[in-house]
Amino acid sequence: MMLAVVGDSAAGKTTITAGLVEALGPDRCVSISADDYHRFDRAERRGKPFTPLHPDCNYIDILEQHLQLLATGHPILKPVYDHSIGRRVRPELVEPKDFIIVHGLLPLHSKLARACFDVTVFLDPPEEIRRAWKINRDTVTRATPRTRLWRKSSPAKPNPRNTFDLSEPTPTSSSDSPLSQHATTHRIRRCLPN
């Protein structure tokens, strides 16, 4: 089963994914971060007109190929992006397991990628909570100075064409989803009580 966990920056995707892997067991479940498909490292991005939130700043084509391979039971040699140092590091071999969880901003960017998933979940915590999580995450694990975060902590504002704004689970028709005939998207509006 292929599961996508998507949402804005610091919406809780990595945390939810880690909990799912722990609950399902690492012998039956593998997780993949879509951040590993960043095209540019932190230093290379400094002169670019876009951030890693933009599809052009990511290897979407390689992500699509890897999703297709995993969905059909084949292993992949996946890139790895280390946020703590802001660079790509040694690639890793990923073998398909019973559950494959892909988390990030862009796993559902293209129709081809969406077709690979059986279930998708969009995390949408309240904005005040998401911003606090982002500031904490970026200062603690990514060594970003707090002064730079005030400029960067606005929502990612995903392209409306690629946003799944569903309040109820919605089956995907088989014509839209050749690899998964019963795909379902869920939107999680509030992760925590106010």
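The values are calculated or read from the model by the stated rules, or taken from the named source; none is laboratory data. The structure displayed is predicted, hence computed values, not measured ones. Counting neighbours? That spans all protein chains shown, and the Cβs are built from the backbone with ideal geometry, glycine included.
Which of the residues belonging to the stretch 55-65 are free of Cβ contacts under 8 Å to residues at least 24 places away in the same chain and either part of a loop (DSSP other than H, G, I, E, B) or in contact with a Lys or Arg (Cβ under 9 Å, 6 or more places away or on another chain) (or both)? Scanning the stretch 55-65 gives 56, 57, 59. Pairs meeting the criteria (first residue in the stretch 30-47 and on the phi < 0 side of the Ramachandran plot, second residue of a type in the set (Gly, Ala, Ser), beta carbons under 6 Å, at least 6 apart or on different chains) are 33/104; 34/104; 35/104; 41/86; 42/86. Being out of contact with any Lys or Arg (no Cβ under 9 Å at 6 or more places or on another chain), surrounded by fewer than 19 Cβ atoms within 10 Å (Cβ to Cβ) and in contact (Cβ under 8 Å) with a residue 40 or more places away in the chain is the filter here, so list the residues in the stretch 1-15 that pass it. The answer is 1, and nothing else.
Consider the stretch 26-54 and keep the residues that are part of a helix (DSSP H, G or I) and under 12 Å from the mean Cα position of the chain (by Cα). The one that is surrounded by the fewest Cβ atoms within 10 Å (Cβ to Cβ) is 35. Residues that are exposed (fewer than 12 other Cβ atoms within 10 Å of the Cβ) and at pLDDT 90 or above within the stretch 128-154 comprise just one, 128. Give me the residue from the stretch 83-117 that is in a loop (DSSP other than H, G, I, E, B) and of a type in the set (Asp, Glu) and, out of that set, nearest to residue 19 (Cα to Cα). Of everything passing the filter in the stretch 83-117, 98 is nearest to residue 19 (Cα to Cα).
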